[in-house]
Structure formats: C-alpha cells, structure tokens
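Read the figures in this text as sums done on the coordinates, not as results from a lab. Please read all numbers here as calculations on a predicted model, not as lab measurements. A quick note on method: Cβ atoms are made from the backbone with ideal geometry, for glycine too, and the neighbour counts reach across all protein chains shown.
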Amino acid sequence: MERRSLPRQLSLFQVVTYGIGNIVGAGIYVLVGDAAGLAGTSLWVSFLVAAVVATFTFPKLKNLCLNGFLSLHKRLARTLNEIVHK
C-alpha cells in the first residue's frame with residue numbers, strides 16, 4: 001500500500017492564531033463554569049444583561065459592518081466590470 005501525505009495548507013501564522021483561539025475559547029468555558037459555581041441558578045441574569053446590552057449595541061455595529069461591506073462590494077463590482085468589459 002502506497003503511503004501518501006497531505007500537502008501543508010496552513011501557514012505558521014494560521015496555526016498560531018488557531019492555537020491562541022483554542023486557548024482563549026477554553027478559558028471562556030472555564031470562566032462560565034466558575035461563574036456558575038459562584039452565582040448558582042442566577043447565572044442566567046448575567047446572560048440576560050449581556051443580551052440586552054448586545055441588542056442596543058448591535059445596530060451601530062451592524063451599520064459599521066454593512067457600510068464597510070457595501071463599499072467593498074462596490075469596489076469589487078467596479079473592478080470586475082472593468083475586467084470583463086476591457
């Protein structure tokens with residue numbers, strides 16, 4: 001049986017950021033577990049407060065992201081139009 005290896009697709013930067021993301025994500029789960037130990041059954045209140053805050057901040061964030069996306073979309077459409085109609 002012939003042994004084949006997979007080609008490397010990830011750069012060092014991608015591997016490092018993936019590792020950092022895993023560490024931060026695990027830390028978040030640990031903090032939620034600690035908070036549940038301290039707050040007990042009232043932990044849902046903190047999630048409710050976070051949801052309310054996110055509800056009020058989301059429209060501003062949405063507008064920032066949407067405006068950036070639309071300007072990028074316009075530039076991409078203009079560039080593709082120039083390439084196609086040369």
Calculated [θ] (222 nm, deg cm²/dmol) that DSSP helices of n ≥ 4 give over the chain, each run adding -39,500 (n - 2.57): -30000 deg cm²/dmol
Dipole magnitude (debye, nearest 20) for the chain, charges at Cβ of Lys, Arg, Asp, Glu: 560 debye
Leading residue at positive end of dipole, the chain (Cβ point charges), from ILE28, GLY40, THR17: THR17
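Which number comes out as Rg/Rh for the chain once both Rg and the Kirkwood Rh are worked out on C-alpha atoms?
Working: Rg = 22.6 Å, Rh = 18.5 Å.
Using only Cα positions, Rg/Rh for the chain is 1.22.
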